[in-house]
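All remarks here apply to the structure that follows.
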Amino acid sequence: MPHSVTPETASADEHPAIKPEQSTQDVAMDDAPSLGEAEDSAKVNLEELFDDDDSDGEFASSAPVKSEEEASQPAATFKISDKSQYSDPDVMRAFYQRLFPFRYFFQWLNHSAVPSTDFAHREFAFTLSNDVLQRYQSFPTADLLRKRCIADTPPRIDIGPIYSTNPRDRKTVRKASAFRPVSRELVFDIDMDAYDDIRTCCTGANICQKCWAFITMSIKVVDVALREDFGFKHVLWVYSGRRGAHAWVCDKRAREMDDSKRRAVYGYLEVLKGGDQGGKKVNVWRPLHPHLERSLNILKEHFQTTILAEQDPWAGENAAHLLNLIPDTKLREALQKKWDSSPGRPSASKWADIDSVAKSGALSKSSKELLEAKQDIVLEYTYPRLDADVGKKLNHLLKSPFVVHPATGRICVPIDPRNAEDFDPLSVPKVTELLVEIDTWKEEDVEKKIQDWEKTSLKPYIDYFRVFVAGLLKEEKEKEKGGVKRERGDNGEAMEF
Amino acid sequence: MIRHDYSRVDPKRRAYIDHKKRQFAKAEFAQQNYEHRLNFYTLPPTAEVTLEEFETWAINRLKVLSELEACSFRNRSQEETAEYMTSILNKYLPLRSNSSRGTNLQEERKRDHYSHFILRLAFSSTEELRRRFSHLETILFRLRFREDDPRERQDFVRTLDLEWEEVGEDEKRELRDQMLAAIGSKKGEEQDWFKVDWERVPELVSQRKVLLKRGMAYVPAREQTSLVVAEFTKRLDEQLELTARALPRLDEDDRLAPILAHLSQSFTAPEAAYSSSDANIDGLSAINAGAIDTLSQNFPLCMQNLHMTLRANSHLKHYGRLQYTLFLKGIGLSLEECIIFWRRSFKLMTDDKFHKEYKYNIRHSYGDVGGDANRRGRGYTPYSCQKILTEALPGPGQTHGCPYRTFTVENLTGLLQRVGVQDREVLQGVRDDVKKQRYHVACNRVFEHAHKKEIKKVKDEGSWSATDLDTIVHPNTYFKRSWLLKHLGEGNAGVVGGDRMEE
Ligand SMILES: [Zn+2]
């Protein structure tokens, strides 16, 4: 059963809703790109990983690389600035000791409570505070991962695929082909920088609630497609800590997809094509595919509020772009004339003008063609803009949920897609705030001893994650019982435990 | 594209090859009977062939595959490809249906069967070769499948044992409108539908040409082609993996090894290679960062576009930077000068940010940093037109790629006018080329127009040979040729020969 997108239907044993505390603070944000396939133990500059202007980190092997010897030298240029306070080793140590949910994190990646190769052969990549990127790290148990995090205090952890052999042994396997990625979650990355050409409220690293709506509507459209069309049930949405969101589709069926299947899902979901000079970005045929019909229904409403009212994208001279998207020359000229004479006209009025001017006789094409052109415009301004490079390959790294974003200090917390609209990135707790919450917690408030994270505003997010993971494990277990062994044949790796 | 120079294999060498000895297969199928024209190539060949047949059949098939690859490179549609391939297939790899009443049906099918397996051997050694082979064999199979006699095609499909669940009447009634909308049909058309796991039809899913519900794809019976083709590819890919693993054992026959090696070599040079001699242009002294603005007049449109965007925005997005850096490296700009060039170009950026975020990638492109392989290879090779034409289209804010492909016709015309192409006939020619997706033809058309006078001169003088004026398929060739032509009479005429790019 796919999740319903309406919040009312959540039953008691399903995910608890996340209700983060409100905060009015505004912070400069911009998102970290995922890593390309960098070399082992690469020396990376933190700024390069986290502050890149256009999510460039995707390019394979472009990450700076130094030899292990060089890398082990203390980085002379690294200074603690007010920005780096969040990834200060003491902060990080306390974070991993007291806040990071290792137990559920382990179960999430292990797909079972008993340690298996799903976890042990999984690649983790650590970005250390001295700028070193360590790839191909692996851990047999949650506890060993935890110990290592506390010892090394990595400001960032990325998650790669499960390999055919332990990633640490990759150099000792006899044949190169014996070390290959075999499975991983299907992942998506939605980043604000893809919206820069239509976003008017903020630029660059900044976000506000207005432009966050781009991410919200993307989540709604993609989530329902993944569940209802592809039949996936275990889709985890995660705030990327600054100005975007990631999705992790954790169903076994998704994890086992090869690259061509991943490309097919991306192709199915992709609607906008072409660069800035490519003209019209939406070219879809009619009748609309049911996925587009449904998406349009979801997005129509957002178009009125987020686009027309809040972004006001066609103010003044920007109306030229709207005119370019209208296929009817006669209508275009009539509108141009009207708008030239009232330059202050807001986008919502301009949008309404299209129909009224057309009705007054300035339409040479059919009204059906005009309706379709308007639908295309709605899609161009609202339809999700996925970063295609992130998810098409099995072995791509993606930043882990629940780590701290070094620039904002915010935790990469889950987003409940059923209540996507309620998520406010600017009120996501910061690591430093959480540590204060633990310290100010009054012990006598409860009878039994509780975990540190339960004393903080991180609790609703971890509760959500716990229920998510429980749902995933339950299904894995049922599949095991229900004759999956027969289906899987000799590929018994997952059944060893 | 594929080279057609097969001269290194001695055609006179003739020997009988016993396939049994090479573990090609068990002997019991010694003479196979080919009931159907189409073949999923599940059974390996078992009969004996001469070495000459072995080689000739393979080369003929290779010719067909290379033409298919050329079609794919030129973005020809299925229909155009089919039309273009008709005569080539008739000549090199005829394969007629039973209803054609041809007399040579069994022999044709045998050749098709054997040549497929020979090339499978030759091209299973690396993943890149396997991928290309599988891609081209899939195109070939689809082409033949579409044109097969419908009744014979159904007979063939029945032998494949594909598991398709038919959509029942109730469900059909419930989903009819959605199923039709998904395939782009109007309401009311009646047809049969199949239901399969969506993973079985990734092609249809990727193009959003099928209804998906809870992980099932609802496929109209007429899309059977996609299902069969996907199954063909899937099985071929599996077989290629197996062949690759078995390959070491197949090396025993030393008479075949050179032929196989040669066949695969003929297949490994798909694009116009960049030759480092392109960076040595007589008469052009060492280029420094300050010279790029002037030299950009001689750049092909893709690089001029990047240059102008860079000047307009003082910034370029990643893939644009990469494409441009490699090109600049290719025209002979040193690493040091290249860093200076980018540093000055990103006017709005602090030194600190530049050094932290950008310098590394430039050094990496030059092979100054990075893993051993990158350094040994002196970084990345400048992109050829094929590479630029086949990579992903630019997204919002990006400017990489070939403008003939990525720009709308109106924007392209505007861009050409900005760089000085005003001739209406040329602009119309470009528009026609682009409509037919012959992007490199458009680019060469513009080149010939921009260098009309000079080309005439070198032709009249006979100072440049015809090959010096071949179709340009690499941006660095464009620059070199343009620069030399624009500096004729400065002691550089006629020096292009001898260090041309390898084809
Ligand atoms: Zn904003």
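For the stretch A:398-480, the share of accessible area belonging to carbon and sulfur comes to 51 percent (1.4 Å probe, ligands and nucleic acids excluded). Derived scalar couplings between HN and Hα for the stretch B:431-444 equal 4, 5, 4, 5, 4, 8, 6, 9, 5, 5, 5, 4, 5, 5 Hz in order, rounded to whole Hz, by the Karplus curve 6.51 cos²θ - 1.76 cosθ + 1.60 (θ = phi - 60°), x for Gly and Pro.
Nonpolar atom fraction for the stretch A:282-382, defined as the carbon and sulfur part of the 1.4 Å probe accessible area, stands at 52 percent. The share of accessible area on the stretch B:165-224 that comes from carbon and sulfur is 41 percent, using a 1.4 angstrom probe. Distance from the Cα centroid of the stretch A:360-401 to that of the stretch A:223-264 is 19 Å (rounded to whole angstrom).
Karplus-derived 3J(HN,Hα) values for the stretch B:169-177, using 6.51 cos²θ - 1.76 cosθ + 1.60 with θ = phi - 60°, are 4, 4, 5, 4, 5, 5, 9, 3, 4 Hz; glycine and proline are entered as x. The stretch B:298-330: which residues show an accessible-area loss of 50 Å² or more, assembly versus chain alone, 1.4 Å probe? Buried by the other chains: B:Lys317, B:His318, B:Tyr319.
Distant-in-sequence amide contacts of A:Ser183, defined by a placed amide H-H separation under 5 Å and a gap of 5 or more residues or a different chain, comprise A:Ile162. Accessible-area loss of 50 Å² or more (1.4 Å probe, protein heavy atoms, chain alone versus all protein chains) is found in the stretch B:166-213 for B:Ala181, B:Trp198, B:Glu199, B:Ser206, B:Arg208, B:Leu212. Cα gyration tensor of the stretch A:128-269, axes a ≥ b ≥ c as square roots of the eigenvalues: rounded (a/c below 1.5), prolate (a/b > b/c) or oblate? It is oblate, given that a/c is not under 1.5 and a/b is not larger than b/c.
In this structure the amide hydrogen of B:Ala217, modeled in the peptide plane, comes within under 5 Å of the amide hydrogens of B:Val196, B:Asp197, B:Trp198, none closer than 5 places in sequence on its chain.
Could you state the accessible area per residue of the stretch B:140-242 in Å², with a 1.4 Å probe and every protein chain left in place? Provide the component values of the computation, followed by the final result.
Numbers: 5070 Å² over 103 residues.
I get 49 Å² per residue for this part.
Interface A-B: total buried accessible area of about 4000 Å², 1.4 Å probe, protein heavy atoms only. Excluding same-chain neighbours fewer than eight residues apart, the lysines reachable from A:Lys477 by a Cα-Cα span under 22 Å are A:Lys233, A:Lys252, A:Lys485. Our summary gives the stretch B:351-469 a relative contact order of 12 percent, counting only alpha carbon pairs under 8 angstrom and 6 or more residues apart.
Shape of the stretch A:282-382 from the C-alpha gyration tensor: oblate (a/c of 1.5 or more and a/b not above b/c, with a ≥ b ≥ c the square roots of its eigenvalues). The Cα center of the stretch A:140-168 and the Cα center of the stretch B:85-104 differ in position by 59 Å. Rolling a 1.4 angstrom probe over the protein heavy atoms with all chains in place gives the stretch B:276-497 an accessible area of 44 Å² per residue.
Checked against a 27 Å cut-off, the cross-linked pairs A:Lys330/A:Lys350; A:Lys147/B:Lys356; A:Lys399/B:Lys234; A:Lys280/A:Lys368; A:Lys147/A:Lys449; A:Lys330/A:Lys374 give Cα-Cα distances beyond that limit for A:Lys147/B:Lys356; A:Lys399/B:Lys234.
Computed 3J(HN,Hα) for the stretch A:379-395, one whole-Hz value per residue from the Karplus formula 6.51 cos²θ - 1.76 cosθ + 1.60 where θ = phi - 60°, is 5, 4, 8, 10, 5, x, 10, 7, 7, 5, 6, 6, x, 7, 10, 4, 9, glycine and proline marked x.
The values are calculated or read from the model by the stated rules, or taken from the named source; none is laboratory data. What you see is a predicted model; the values in this text were computed from it and never measured. Side chains included, ligands, DNA and RNA excluded: accessible areas come from the protein's heavy atoms. Shrake-Rupley method; radii C 1.70, N 1.55, O 1.52, S 1.80 Å.
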